[in-house]
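Below: one structure, written as structure tokens.
The values are calculated or read from the model by the stated rules, or taken from the named source; none is laboratory data. All values reported here derive from a predicted model rather than from experimental measurement. Methodologically, a virtual Cβ is constructed for each residue, glycine included, from the backbone with ideal geometry; neighbour enumeration extends over all protein chains shown. Only protein heavy atoms, including side chains, enter the accessible area calculation; ligands, DNA and RNA are left aside. Shrake-Rupley method; radii C 1.70, N 1.55, O 1.52, S 1.80 Å.
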Amino acid sequence: PCFIRGLLEAADEGRLVTVSADTDHRRQFLYIDDAVEAVWLALTAPEVPEFTYNITGGTWLTEGEVIEAAIGAVPALEARTGDVPPLGLDGRMGPLDIRLAARDLGYAPRTGIEEGIVKYASWRRQL
């Protein structure tokens, strides 16, 4: 399940959300506009010397840090950290390195986590 979508659904329904306080499980997020930009940069680059590139939003956040950003973006969200298992599938994987994408494609994430959540919540309300 989509972590952020689940947070927004909980806010819409007035449900309290508890996420893991475990700081060993971190997650990376990518806003759709940044993903599209990265694809466009790769397609239009005069030369692409690497076979693959990591593209992320440039952060590596605990579930608690995501909650803080989500509450800042959607004040109706009632959430806390607690003694529950992490939801993230990233596990203990380290952050993806986007330096090659920056070097070869000129990629840099433009949309921070809180701004992305605000935009996503606004889009969901329009459905």
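A few notes on this one:
- Conditions (1) of a type outside the set (K, R); (2) assigned to a strand (DSSP E or B); (3) without any contact (Cβ under 8 Å) to a residue 60 or more places away in the chain: number failed by T81: (3)
- Unmet criterion (only one of (1) touching a Pro at 6+ places or on another chain (Cβ under 9 Å); (2) modelled with pLDDT under 95; (3) among the polar types (S, T, N, Q)) for T23: (1)
- Of the residues making up the stretch 33-63, those that are more than 19 Å from P95 (Cα to Cα), of a type outside the set (S, T, N, Q) and assigned to a helix (DSSP H, G or I) are D33, V36, E37, V39, W40, L41, A42, L43.
- Residue in the stretch 21-33 that is nearest to the chain's Cα centre (by Cα), counting only those that are within 18 Å of G112 (Cβ to Cβ) and open to solvent by 80 Å² or more (accessible area, probe 1.4 Å): I32
- Every test in (1) touching a Pro at 6+ places or on another chain (Cβ under 7 Å); (2) open to solvent by 70 Å² or more (accessible area, probe 1.4 Å) is passed by Q126 save one, and that test is (1).
- Just so you know, in the stretch 34-91 the residues that are aromatic (F, W, Y) and surrounded by 13 or more Cβ atoms within 10 Å (Cβ to Cβ) include one that is nearest to I4 (Cα to Cα), and it is W60.
- Filtered residue count, the stretch 1-20, keeping only those that are open to solvent by 60 Å² or more (accessible area, probe 1.4 Å) and either in contact with a strand residue (DSSP E or B) (Cβ under 8 Å, 6 or more places away or on another chain) or part of a helix (DSSP H, G or I) (or both): 6
- Here is the figure for the stretch 36-53: residues that are more than 13 Å from A102 (Cα to Cα) and free of Cβ contacts under 8 Å to residues at least 40 places away in the same chain total 6.
- Among the residues making up the stretch 74-127, a single one is modelled with pLDDT of 90 or more, farther than 24 Å from A38 by Cβ and among the β-branched types (V, I, T): V74.
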